[in-house]
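Before any comments, here is the structure.
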Amino acid sequence: MQWKLLQSVTHLEPARSIRGTARTDYPSTLFADHFPSFPVTPGVLLLEICAQLGGLLVQATVLDTEDRWVFPVLAMVRHAKFIQFVGPEVEVEIEASLRDQPDTTATCRAQVSIDGQRCVAADVVYSINAEDMLKDADAAELKTCAVAEYRRLESPWLPSLPTEAG
């Protein structure tokens with residue numbers, strides 16, 4: 001099962017920032033116990049939304065600046081703050097900016113907002129040197145899936161379609 005939580009990418013400038021949208025249209029059973037009579041989107045899903053958007057920024061940055069594909073993996077969340085509750089069936093705006101990108105990791109500062117009001121803020125750290133994890137993966141298939149995801153999200157920045165050589 002893939003967790004495609006993002007709805008769109010509205011801005012992407014490699015090495016700088018990305019913005020997008022998502023909806024909290026999750027099954028009502030998810031909200032039934034979180035919390036009875038006061039439905040709140042679980043923080044872990046809001047952090048996953050941040051991680052997915054920031055991961056696209058990291059991937060686009062490395063591809064744009066170094067001409068190599070990476071598949072960022074969430075490694076850590078630092079300084080997460082939950083400022084306002086996010087209910088069900090709400091459209092949220094997500095923003096992420098690249099903080100640093102050493103050789104094997106990258107950090108993005110991400111936030112989730114509703115109508116300009118910040119709800120979540122966190123530093124999201126990615127492993128971008130996952131060769132051991134990816135050694136058995138089909139690189140061409142991963143690249144094709146990545147390009148399809150940028151297209152699905154109608155990203156204004158698109159990677160070139162992978163070739164057999166690339």
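Before moving on, here are some points about what is shown:
- Tallying residues that are open to solvent by less than 50 Å² (accessible area, probe 1.4 Å) and under 12 Å from the mean Cα position of the chain (by Cα) within the range 1-11 yields 4.
- When residues of the range 36-67 are limited to those that are more than 13 Å from Val86 (Cβ to Cβ), of a type outside the set (Ser, Thr, Tyr) and part of a loop (DSSP other than H, G, I, E, B), the one modelled with the highest pLDDT: Asp67
- Selection within the range 36-53 - hydroxyl-bearing (Ser, Thr, Tyr) and crowded, with 20+ Cβ neighbours inside 10 Å: Thr41
- Any hit, the range 88-105, residues being assigned to a helix (DSSP H, G or I), in contact (Cβ under 8 Å) with a residue 12 or more places away in the chain and loosely packed, with under 13 Cβ neighbours inside 10 Å: no
- The residues of the range 18-35 that are in a helix (DSSP H, G or I) and surrounded by 19 or more Cβ atoms within 10 Å (Cβ to Cβ) amount to a single one, Phe31.
- Restricting attention to the range 94-108, the residues that are among the acidic types (Asp, Glu) and at pLDDT 95 or above total 1.
- Among (1) touching a Lys or Arg at 6+ places or on another chain (Cβ under 8 Å); (2) open to solvent by less than 70 Å² (accessible area, probe 1.4 Å), the one test that Leu56 misses: (1)
- Residue in the range 14-22 that is on the phi > 0 side of the Ramachandran plot, of a type in the set (Gly, Ala, Ser), over 12 Å from the mean Cα position of the chain (by Cα) and modelled with pLDDT under 95 present: no
- So Val70, is it within 21 Å of His11 (Cα to Cα), open to solvent by less than 10 Å² (accessible area, probe 1.4 Å) and assigned to a loop (DSSP other than H, G, I, E, B): yes
- Taking each residue of the range 112-127 that is in a strand (DSSP E or B) and looking for partners that are at pLDDT below 95 and open to solvent by less than 40 Å² (accessible area, probe 1.4 Å) with beta-carbon atoms closer than 8 Å, six or more apart or interchain, yields Tyr126/Pro72; Ser127/Pro72.
The values are calculated or read from the model by the stated rules, or taken from the named source; none is laboratory data. Since the model is a prediction, treat every value here as computed from it, not as a measurement. Ideal geometry is used to build each Cβ from the backbone, glycine not excepted, and the neighbour counts take in all protein chains shown. Protein only, heavy atoms only, side chains kept; ligands, DNA and RNA dropped before computing areas. Shrake-Rupley method; radii C 1.70, N 1.55, O 1.52, S 1.80 Å.
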